[in-house]
1. At what distance in nm do the modelled label points of ALA102 and GLU54 sit from each other, each positioned 7 Å from its Cα along Cα→Cβ?
2. For the stretch 1-60, what is the accessible area per residue in Å², given a 1.4 Å probe and the full set of protein chains?
3. Ranked by accessible surface with a 1.4 Å probe, highest first, in what order do PHE20, PHE43 come?
4. For the stretch 43-103, which whole-number percentage of the solvent-accessible area (1.4 Å probe, protein heavy atoms only) is attributable to carbon and sulfur atoms?
5. When all protein chains stay in place, what accessible area (Å², nearest 10, 1.4 Å probe) is found for HIS115?
6. Hand me the trypsin sites (Lys or Arg not before Pro) from the stretch 28-91 located in a DSSP loop with no more than 12 other Cβ atoms within 10 Å, in residue order please.
7. Assuming R0 = 30 Å, what is the FRET efficiency of HIS115 and ARG68, from their Cβ-Cβ distance, to the nearest 0.05?
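The values are calculated or read from the model by the stated rules, or taken from the named source; none is laboratory data. As the structure is a prediction and not an experimental result, all values here were calculated from the model. All Cβ positions, glycine included, derive from the backbone under ideal geometry; neighbour counts span all protein chains shown. Please note that ligands, DNA and RNA were not included when accessible areas were found on the heavy atoms of the full protein model with its side chains. Shrake-Rupley method; radii C 1.70, N 1.55, O 1.52, S 1.80 Å.
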Amino acid sequence: MSPPKRRDQPVLVYDGDCGFCTTSARFLERHVPVRADVVPFQFADLDDLGTTVERAEHEVLWVDRLGRVSGGADAVGRLLTEAGGAWRALGVAVRIAPVSWAAQAVYRLVAINRHRMPGGTAACRLPAAQRPGGARQEGSGSR
């Protein structure tokens, strides 16, 4: 894995094969005023972002401008903090105990059950390599 590298703007990495994840990412793009690249992990150069397929399959990721990678509820909190305004206050709250404990528990519950969420499909519960058409491409930089 490459060392973290500085970037012009943060990156939000999500599971593009999951309808619920894709809907959630599109909601954030439309309603949260943050400048970030929003990309499905299947099309991201994960090595360049300083992370792995295994982590991206497990949780949404936020890669900040300094190349630091956060996951799950912490990633959502950092995205909201970056958005500023009232979103910033919510993002900070999500990242501070005891709210962070509840946020992480809710995030895990949703992530485990995303195949049951609106837009979710049975494919959402499978690892990417086992999904229909989900074979990893050689040379994609995602390992």
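1. Label-label distance for ALA102 and GLU54, simple model: 3.3 nm.
2. Per-residue accessible area for the stretch 1-60 comes out at 54 Å².
3. Sorted descending by solvent-accessible area, the residues read PHE43, PHE20.
4. 62 percent
5. That residue has around 30 Å² of solvent-accessible surface.
6. Working: sites: ARG30, ARG35, ARG55, ARG65, ARG68, ARG78, ARG88; in loops: ARG35, ARG65, ARG68.
Passing both the DSSP loop test and the Cβ count: ARG35, ARG68.
7. The formula returns an efficiency of 0.50 here.
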